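The values are calculated or read from the model by the stated rules, or taken from the named source; none is laboratory data. Since the model is a prediction, treat every value here as computed from it, not as a measurement. With ideal geometry, Cβ positions are generated from the backbone for all residues, glycine too; neighbour counts draw on all protein chains shown.
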Amino acid sequence: MSEHYFEFRNVSKSFGDNDVLKDVSFFIDQGETAVIMGRSGVGKSVSLKLLLGFLKPDEGKIIVAGKDVTDWTEKQFAEIRRNVTMVFQSGALFDSLTVAENVAFPLETRGEKHDEAAVEAKVAELMKELEVTDFADRIPSDLSTAPSAPWLLRGRWPKIPTPFCTTSPLPWSTR
């Protein structure tokens, strides 16, 4: 179908009279880093939502991992969503959970059997790797933006798969 990991072929999406995307084509290969830049309202988030099936295109084709997903059902998209990490501008940690509880959440809820000791060990490993063990018992409102960014990603999705999609700049991602 396509040699590219993600591909838009002549994709259009409108909301009422507002044409957000009009005949857009692009591709991203496996392992490639790509950036969609633009001012607010030009379709960055809409593009990502289309890629993962949260929205359907009005026209065109969307290819993910070599498969035409344009007309896939919600059930079919569930598998892709388990293997793709996506953070929207509004993506955040659960306010009422500590950092450690946020990191543990997806490990406990992904439908896999889990052993409490194994989850605790994985949380400790991830927090050590990200150098945020000092924040384990704090809630998100007690943290500044800079240290919260790395565990925001790991907290909601401890196993960061490929690909990783975000609509927010990640200033710490270059270190």
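A few remarks follow.
- Listed by first and then second residue, the pairs linking a residue in the stretch 27-45 that is assigned to a loop (DSSP other than H, G, I, E, B) to a residue that is of a type in the set (D, E, K, R) and surrounded by 10 or more Cβ atoms within 10 Å (Cβ to Cβ), with Cβ atoms under 7 Å apart and 6 or more places separating them unless they lie on different chains, are ILE36/LYS44; GLY38/LYS44.
- Flag if LEU97 is part of a loop (DSSP other than H, G, I, E, B) and either out of contact with any Gly (no Cβ under 6 Å at 6 or more places or on another chain) or modelled with pLDDT of 80 or more (or both): yes
- Entry remark, the stretch 34-46: residues being in contact with a Lys or Arg (Cβ under 9 Å, 6 or more places away or on another chain), surrounded by fewer than 18 Cβ atoms within 10 Å (Cβ to Cβ) and at negative phi number 2 in total.
- Screening LYS49 against (1) within 21 Å of ARG82 (Cβ to Cβ); (2) surrounded by fewer than 13 Cβ atoms within 10 Å (Cβ to Cβ); (3) not hydrophobic (A, V, I, L, M, F, W, C) leaves a single unmet condition, (2).
- Yes/no for GLY53 being in the same structural domain as ALA78 (by TED's automatic domain parsing) and more than 21 Å from ASP68 (Cα to Cα): no
- Flag for LYS61 being surrounded by 12 or more Cβ atoms within 10 Å (Cβ to Cβ), at pLDDT 85 or above, in a loop (DSSP other than H, G, I, E, B) and basic (Lys, Arg): no
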